[in-house]
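Values quoted throughout were computed directly from the atomic coordinates according to the rules given, and no laboratory measurement underlies them. Quick caveat, the model's predicted, so the values are computed rather than measured. In this analysis, Cβ positions are derived from the backbone assuming ideal geometry, glycine residues included, and neighbour counts consider all displayed protein chains.
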Amino acid sequence: MRYLEDIQIGMRRELGSFTFTAESIKAFARQFDPQPFHLDEEAGRKSLFGGLAASGWHVASVCMKLLVADGQRAKAEAESRGEEPPVGGPSPGFRDLRWTRPVLAGDTLTYSSEVVSVRATATRPGWGILQSRNVAVNQRGEEVYSFLGSVFLPQRGDAA
Amino acid sequence: MTLTFEDFKPGHFGTFGPRHITRDEIIAYAKEYDPQPMHLDEVAASASMLKGLSGSGWHMCSLMMRMIYDGFLHKTASMGSPGVDQMRWLAPFRPGDDLTLDVEVVEARVSQSRPTLGIVKFKFSTRNAKGQTISEMITPIMIGVREPASGN
C-alpha cells in the first residue's frame, strides 16, 4: 500500500494468473451461486455460456485474492527498501463491473490493475480515494472481466 | 412454476432472509480470497477504519448472490448477468449479523436482438437486524421470456 501522493494515473500492476478448474468452479457455485450452468457440464453446454462456466462472483473473488497478494508483495518490496508503507483503508464500492465473456472450466485468467484517478476526500481528512480499472484476460488474450474499483488511501501530508 | 420475464414489474419485488452470518464463514472466505487483517483478526480489525472484525466486501457480494438465488432465482428462468452497474459497501457486516435482502425491480425490457431474452435491472439491498443498510447493488439479470412477441 502506498500514500496517495505516490500514486500517478496510468500506474499499472500485473497481478498474476489463476486457472479455473471444473472442481473449483463447482465448489464456489455450491456455496454461493448454485445455478445449473455453474454446477453441471451439460447444463452449461445448453446455456448461453456454452460450457461449465464460473460464477461471476468467483471470477471477482479471485481478482480480490490476487489484488491482496500483490499488495502484500508491494509492501514487502517497500520494506526491503527501508520504507514503512502505510496501511490502506477500506473500499466504498465499485462501478461498471462487466462479465464480458464466459469463464469456462480450464480457462486461465491473467489479471491486472491500472490507476485511473486519484483525489483527496473532503469527508475524511488525511485520506484520499484511488480508482483503478481492474481487468482479466483469458489464455486467448480476450478480456473477460473488468471493474472500476475504489479504495481509501492515507495522505502522507506534512508527516513526510 | 418457473418465474419468467413477465413476472418482474418495476417496483418492490420481495424481501428475503434473514441470513445469519457466522465468524467462521467470514474468516473462511477472507483466508481464501481477501486475507486482510480487518477480515481475519479481531485485534488488527479493532485498529482499522472499520473498527472491529468485518466481512470482505466481495464476500458480501457472494452472499447477496446466494440470498438472491435462495430468494427467487432458483425458480426463475435466469440466463446469467452481464455485470453490475454499481455496488456500494455502506457499512461493515459482522459476525452474528442477521441480514435481510430487499429486492426492487428498477426497469424491465426485452432484448432487441434476442426477443426470447428479457433484461431486468434490479436494485438489491441488504440490512442488518438494526435496520442499518449494509450494501446496495444495481445489476441487470437476463431472464427468459415466457411468450416471445411474434411478427416483429
Quiz item: Is there a pair in B:75/B:121; A:26/A:65; A:65/B:123; A:65/B:75; B:9/B:123 whose C-alpha atoms are over 23 Å apart, and which pairs would that be?
Solution: A:65/B:123; A:65/B:75
Quiz item: Angle between the Cα long axis of helix B:23-33 and the longest principal axis of chain B, 0 to 90 degrees, nearest 10?
Solution: 70 degrees
Quiz item: Along the Cα-to-C-beta direction of residue B:28, a point sits 7 Å from the Cα; which residues of segment A:12-35 have their amide N less than 18 Å from that point?
Solution: A:23-35
Quiz prompt | In order through segment B:6-15: 3J(HN,Hα) via Karplus (6.51 cos²θ - 1.76 cosθ + 1.60), integer Hz, x for Gly, Pro | solution = 4, 7, 10, 10, x, x, 5, 9, x, 10
Exercise. Once you've got the GNM for chain A with C-alpha springs shorter than 10 Å, pick whichever of A:148, A:15, A:48 has the biggest mean-square fluctuation.
Key: A:48
Quiz item: Across every pair of different alpha-carbon atoms, what Kirkwood hydrodynamic radius in Å does segment A:4-159 reach?
Solution: 17.0 Å
Quiz item: Which far-off residues, 5 or more places away or on another chain, put their amide H under 5 Å from the one on residue A:156, with H placed in the peptide plane?
Solution: A:4, A:5
Self-check item: Helix-only [θ]222 nm of chain A, DSSP H runs n ≥ 4, -39500 (n - 2.57) each, per residue, nearest 500
Solution: -9000 deg cm²/dmol
Exercise. Determine the calculated [θ] at 222 nm for chain B from helices alone, applying -39500 (n - 2.57) to every DSSP H run no shorter than 4 residues and normalising by the residue count; nearest 500 deg cm²/dmol.
Key: -6500 deg cm²/dmol
Self-check item: Contour excess over end-to-end distance, with Cα ends at residue A:6 and residue A:40 and 0.36 nm allotted per residue
Solution: 7.6 nm
Quiz item: For all pairs of alpha-carbon atoms in segment B:5-144, what percent lies in each bin of width 5 Å, listed from the first bin to the last filled one?
Solution: 2, 10, 18, 21, 17, 12, 9, 6, 3, 1, 0
Quiz item: Using the alpha-carbon atoms, what tilt in degrees (0 to 90, nearest 10) does helix A:56-80 show relative to the longest principal axis of chain A?
Solution: 30 degrees
Quiz item: In whole Å, how far is the Cα centre of segment A:19-51 from that of segment A:94-136?
Solution: 25 Å
Quiz prompt | Peptide A:33-40, shielding by other chains (average Cβ, 10 Å cutoff) | solution = 3
Quiz prompt | Backbone HN-Hα couplings from phi across segment B:69-85 [Karplus 6.51/-1.76/1.60, Hz, Gly and Pro as x] | solution = 4, 5, x, 7, 5, 5, 10, 10, 6, 6, 10, x, 9, x, x, 10, 5
Quiz item: Ratio of the protein assembly as shown's C-alpha Rg to 2.2 N^0.38 Å, to two decimals?
Solution: 1.03
Self-check item: Angle in degrees between helix A:22-32 and the longest Cα principal axis of chain A, rounded to the nearest 10
Solution: 70 degrees
Quiz item: Want the number for residue B:20 to residue B:147: 0.36 nm per residue separation, take away the alpha-carbon distance, what's left?
Solution: 41.9 nm
